[in-house]
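Take a look at the structure set out below.
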Amino acid sequence: MKITRRRFIEGSIVAGIATAIGLEGRRRRLDTLEEGVETSVEVKPLVKGEWKPTGCLGCTSWCAQEAYIVDGRAIKIRGNKNSKVNRGYTCPRSHLSLQQIYDPDRIKQPMKRTNFKKGISEDPGFVPISWDEAMDMLADKIMELRKNDETHKFMLFRGRYTNARDLVYSSVPKIIGSPNNISHSSICAEAEKFGPYYTQGYWNYRDYDVENTKYMICWGADPLCSNRQVSHYLNAFGEMLRDGVKIVTIDPKYSNTAAKSHVWMPVKPGEDGALAMAMAHVILAEGLWSREFAGDFKDGKNHFVAGKTVDQDTFEENHTYGVIKWWNLELKDRTPEWAEAVCGVDAATIRKVAVEFAKAAPYALVFMGGGSNMQVRGGYNSMAVHALNGLVGSIDHQGGAITGRSPKLNSIPDPDDYMDEMAQKNSKMKKMDHRGTKEFPALKDGKSGGGVVTNRVADGILMEDPYLPKVVIGYFNNFNYSCPQTDRWNKAMSKIEFFAHCVTNYSEMSHFADLLLPSTHHMMEQMSSVAQKGNTYTHLWVSNRVINPVYDVKNPETEVVWLLAEKLAEKGFKNMMEYLKDNFKDPETGKEPTNGIELELYTYKILTEPVWNPAKYEEKGNNGDKFKDWNDFMEKGGLWNSDPYKYKNLWSNMPTETQKFEFYSETLKKALEGHAEKHNTTVDDILATCKYTAEGEHAFIPHYEEPYMEGDKEQFPLAFIEGKSRLAREGRSGNCSWFQEFKDSDPGDIKWGDAIKINPEDAAKLGLKDGDTVKIISPVGEGIATLKTWVGLRPGTVAKTYGQGHWAYGHIAAEDFENKIARGSNNNDVMPADYERLSGSTAFYGSFRVRIEKA
Amino acid sequence: MAKFGMIIDLEKCAGCTACSIACKNENNVPDEFYWSHYITETKGEFPNVTYQYISTLCNHCTNAPCVEACPVDPKAMYKAENGMTLHNAERCIGCRACENACPYGVIYYNERGKEVFEEWRSGEAKALTEKVGGEVIPYYNPDRALTYDGIRRENVVEKCNFCDHRVANDEEPYCVDVCPANARIFGDLDDPNSEISKVLKEKQHFVLQPKAGTEPNVFYINKFDEKE
């Protein structure tokens, strides 16, 4: 415990303070080296605190973490070393959670609106009230719906969530009697899950076995910056580069990951399909597909010749289905030369990367992110990009594209028995998001209307189609900020008679609320739990409350439900409370919950019981870490790790129609035909309705579609590229000064500001220079940003990260919080609301053009 | 006595800035001060582009111009026996000579007449800290005060101290600890068996502004962005 203190040398030259301030002082040299050297003195030990396990929901990496607690304060964050997923590493934005929790701009107690006129320029006139009064108001509104037999006009919006979500998200609307539980999922990723589902039956994010791979293509994914498993990849990339793994990034902008890759392929926005087709073409034409996975020609020769069809009967497939159909219908003409003209990446590079990738396979993978497919016509890109893994046999293979080994947990208890006649009837009404209508198939899990169309709800409200909801609860969400074409949400939420917002900060959506119900922060102030995969493992973490809530805040997933149930019971509607008391007993003691905190604890205990209770473990088919009981589990940090991944388990055992990996998707055929039949029409008509151009058999194979972009090229010459921000915590960290201090950690961006990046050539043509304040004008809106010339972009494009442009949220996030002046602008103000309709996904990429003018 | 230094492996570094954020966290560093920071540069012409990211901090130079420039006696900016360049805020007269002398721009000055963390000293922010504890800021790290002012006063400079309070307690500097890429090696340059000495012996390395003659003790190996 030593540190230095000056060893004062007697007789050293003493410089007067007067000289010190002047230049003389600055020029003064040491007379001896020793003069400035000091010796050690004792340093006291570091302050004693405790590292308490928690977990982070700042993005969907969902890392297991620990928080350092000193005298009841959380002062540091680190990765939990016991997790086999993030392995003790944690990304930069996790540290920002401290500033989220200790944010003086948080909502400190419930508030009610006093100005009942709603609108962007109305002052809501919020005044503080008690939780009792707040819940009384909310319960009254729900009772009114029940009295008038219009419980379907209740709606629940969910944003980010924990494992306990289904209590508030699913059971509460059902017991009240509403079909409207609307999640955020389709502004998150659904098109990215579409491809893996309609090729291998997996509607989920994939894991990628980077530890064992030799070749990685990051496609529209920026894993060093944003989802997935950022903490893990921040570490793994260095190891991969050291070990000689080749890394290629396909992205229209020079991303964080592009900077750490050997090759950057700057595909034109929305043209990912062309590039994928050409790579598939090369892999087949060069004879480099996986014989083990995809099979071979019966004569052992390669008959894939550009421009020529192949006789179906000459090829025998193993674990795949439809490779010949894919070639004949689509790939045979999709040469790299064709693609070069379309996607802007030169043919030689396409060929080289495709060949190298296939030669490294099966220890090779295409890591797909949303960039390649959350586009209006991106569903087939999602299939195509993922299918490259299928061609080379890296699907479910060591070093390839794998899935996960989720823990088998209990579900939230079924509320059916507590749904009275009204609830049964009204919960069968149509949902507000138009899922399953002709133009919104949202084919999650193969089912018409199986998925959510989050951003469509604003239109549903504005058109009052199918009706106008009256009482809405939103939690952990901010759709007025996070959904494209935000002005629709501002108008839509103005139409809602009563909106209760469970939220930490006064957000853009809160501005339209009647009640603000301040929320706990998920990492420290409430119990929390999620499971996530990465690094070939899956982990599950359950965290305790590690600090006392900073303000008078409550957990929206459990405590608020309890308070609501109590109030409804007081007013004569007892079903919700009965449901809670009957079904949420402590699984160890059988004790009924008597308050929201107990409900929180018992809910997590119930959900995770198959992991911590040995008697339930085998029965549920769990694998991985075992525990003696709940206490043992929580004493070990509330962290479960799966066993290592089992490769090749899915080969010819896929939950697709054919059980094979489908290049010709019988699974999609069934889903599309089902949807067409429901609407008495043809698949061709459905595709045309969904803005696709394909006809006939092309509907069932990955194929090229010209991107659909809003804004004609004359008026709006620049394609807009959205990027994610390293520190954004899903749009919720703008009020952290560390977010602003390090905003330039996103290549090309600026501190405390919002940059629109443009190739210097385009800037020169427009007569614009660095630092100019410019208007970004799209077909649906305008925004302000600071111009930044940047060579990491193709001429004809502009790029801007998502995360600034808050006019609410707090004094740091907004330029002027009191006067609702945003810091920069929100990309969603200028982004048109459009969709990849087959998945219901919102289109964030390759979907519109803008023009830039000096402001 | 040890002579401490650091290596930053730019191949491992992913440019995430966890080091710089964590540094603010550990050392209670106010906004617009960057004990730990970075230099970034996007170069070339589309599509042949590279992005370089070099993490920066005090170089703890062997020939530290900041120490030479410090006019106070005894010196406010001084070299410790273990090679660290440290600052004694009590002695500091706020003349900024060190700041002017440093060729790396890693020394920051707390303006005279302006309270540090001013935004935390009134209203709801102040009330929050009073409620939860801490000092000035609610996530205040008391460790920093073991060897330095926990939060520095106005009219003094401040800079990276290699987390001398942690090192004295056998912990690594916090930037080393938090780096998810394990890109930093901290250790004793005088010990031939330390990892840092071995890596420096084995690998080509460079320092910033070698011509300044400062003999920095922060070394860099490899390259951040290496295209084919």
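Key figures
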{"item": "Residue A:435, sole failed condition from (1) more than 27 Å from residue A:666 (Cα to Cα); (2) part of a loop (DSSP other than H, G, I, E, B); (3) out of contact with any Asp or Glu (no Cβ under 9 Å at 6 or more places or on another chain)", "result": "(1)"}
{"item": "Top-ranked residue of the range A:648-675 - restricted to ones that are in a loop (DSSP other than H, G, I, E, B) and within 13 Å of residue A:700 (Cβ to Cβ), ranked as farthest from the chain's Cα centre (by Cα)", "result": "A:658"}
{"item": "Spans of helices (runs of 4 or more DSSP H) in the range A:121-203 with at least 1 residues in contact with a strand residue (DSSP E or B) (Cβ under 6 Å, 6 or more places away or on another chain) and under 30 Å from residue A:650 (Cα atoms)", "result": "A:190-200"}
{"item": "Number of the condition not met by residue A:187 [criteria: (1) more than 28 Å from residue A:78 (Cα to Cα); (2) of a type outside the set (S, T, N, Q); (3) modelled with pLDDT of 95 or more]", "result": "(3)"}
{"item": "Qualifying positions in the range A:824-855 - closer than 30 Å to residue A:104 by Cβ and surrounded by 24 or more Cβ atoms within 10 Å (Cβ to Cβ)", "result": "A:824, A:826, A:827, A:828"}
{"item": "Residue count, the range A:492-510 (criterion: assigned to a helix (DSSP H, G or I) and in contact with a His (Cβ under 7 Å, 6 or more places away or on another chain))", "result": "1"}
{"item": "Residue check, residue A:267 in a loop (DSSP other than H, G, I, E, B), under 24 Å from residue A:847 (Cβ atoms) and among the hydrophobic types (A, V, I, L, M, F, W, C)", "result": "yes"}
{"item": "Enumeration of residues in the range A:522-545 that are surrounded by fewer than 24 Cβ atoms within 10 Å (Cβ to Cβ) and over 19 Å from residue A:226 (Cα atoms)", "result": "A:525, A:529, A:537, A:544, A:545"}
{"item": "The range A:36-81, subset under 20 Å from residue A:225 (Cβ atoms) and hydroxyl-bearing (Ser, Thr, Tyr), residue farthest from the chain's Cα centre (by Cα)", "result": "A:61"}
{"item": "Residues of the range A:313-342 that turn out to be more than 22 Å from residue A:650 (Cα to Cα) and part of a loop (DSSP other than H, G, I, E, B), as a count", "result": "3"}
{"item": "Residue satisfying all of: in the range A:720-746; on the phi > 0 side of the Ramachandran plot and of a type in the set (D, E, K, R); farthest from the other protein chains (Cβ to nearest Cβ) among these", "result": "A:730"}
{"item": "Number of the exception - residue A:719 against (1) part of a strand (DSSP E or B); (2) over 21 Å from residue A:846 (Cβ atoms); (3) among the hydrophobic types (A, V, I, L, M, F, W, C)", "result": "(2)"}
{"item": "Residue, surrounded by the fewest Cβ atoms within 10 Å (Cβ to Cβ), within the range A:773-788, restricted to residues that are touching a helix residue (DSSP H, G or I) at 6+ places or on another chain (Cβ under 7 Å) and under 8 Å from residue A:830 (Cβ atoms)", "result": "A:782"}
{"item": "Residue check for residue A:643: at pLDDT 95 or above, in a helix (DSSP H, G or I) and surrounded by fewer than 18 Cβ atoms within 10 Å (Cβ to Cβ)", "result": "no"}
{"item": "Test: residue in the range A:689-696 that is modelled with pLDDT under 95 and touching a strand residue (DSSP E or B) at 6+ places or on another chain (Cβ under 9 Å)", "result": "no"}
{"item": "One residue from B:145, B:125 being in a helix (DSSP H, G or I), closer than 20 Å to residue A:45 by Cα, at the interface with chain A (Cβ under 10 Å from one of its Cβ atoms) and out of contact with any His (no Cβ under 7 Å at 6 or more places or on another chain)", "result": "B:145"}
{"item": "Any chance residue A:768 is surrounded by fewer than 23 Cβ atoms within 10 Å (Cβ to Cβ), more than 14 Å from chain B (Cβ to nearest Cβ) and touching a Leu at 6+ places or on another chain (Cβ under 6 Å)", "result": "yes"}
{"item": "Selection status of residue A:239, surrounded by fewer than 24 Cβ atoms within 10 Å (Cβ to Cβ), away from chain B (no Cβ under 12 Å) and either in a helix (DSSP H, G or I) or touching a His at 6+ places or on another chain (Cβ under 6 Å) (or both)", "result": "no"}
{"item": "Unique residue being surrounded by fewer than 24 Cβ atoms within 10 Å (Cβ to Cβ), away from chain B (no Cβ under 14 Å) and in contact with a Ser or Thr (Cβ under 7 Å, 6 or more places away or on another chain) when the list is A:308, A:298", "result": "A:298"}
{"item": "Criterion (of a type in the set (D, E, K, R) and assigned to a strand (DSSP E or B)) met by exactly one of A:765, A:751, A:788", "result": "A:788"}
{"item": "Odd one out for residue A:90 among (1) within 28 Å of residue A:563 (Cβ to Cβ); (2) at pLDDT 95 or above", "result": "(1)"}
{"item": "Top-ranked residue in the range A:67-112 [being farther than 24 Å from residue B:133 by Cβ and not in a loop (DSSP other than H, G, I, E, B); ranked as nearest to the other protein chains (Cβ to nearest Cβ)]", "result": "A:92"}
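Condition check ((1) at pLDDT below 95; (2) surrounded by fewer than 24 Cβ atoms within 10 Å (Cβ to Cβ); (3) outside any helix (DSSP H, G or I); (4) touching a strand residue (DSSP E or B) at 6+ places or on another chain (Cβ under 9 Å)) across all residues:
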position: A:348; (1), (2), (3), (4): no, yes, no, no
position: A:351; (1), (2), (3), (4): no, yes, no, no
position: A:354; (1), (2), (3), (4): no, no, no, no
position: A:357; (1), (2), (3), (4): no, no, no, yes
position: A:386; (1), (2), (3), (4): no, no, no, yes
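Residues checked against (1) among the hydrophobic types (A, V, I, L, M, F, W, C); (2) surrounded by fewer than 23 Cβ atoms within 10 Å (Cβ to Cβ):
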residue: A:708; (1), (2): no, yes
residue: A:712; (1), (2): no, yes
residue: A:717; (1), (2): no, yes
residue: A:723; (1), (2): no, no
residue: A:738; (1), (2): yes, no
residue: A:751; (1), (2): no, yes
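The values are calculated or read from the model by the stated rules, or taken from the named source; none is laboratory data. From a predicted model like this one, the values you see are computed outputs, not experimental measurements. Virtual Cβ from ideal backbone geometry, glycine too; neighbours counted across all protein chains shown.
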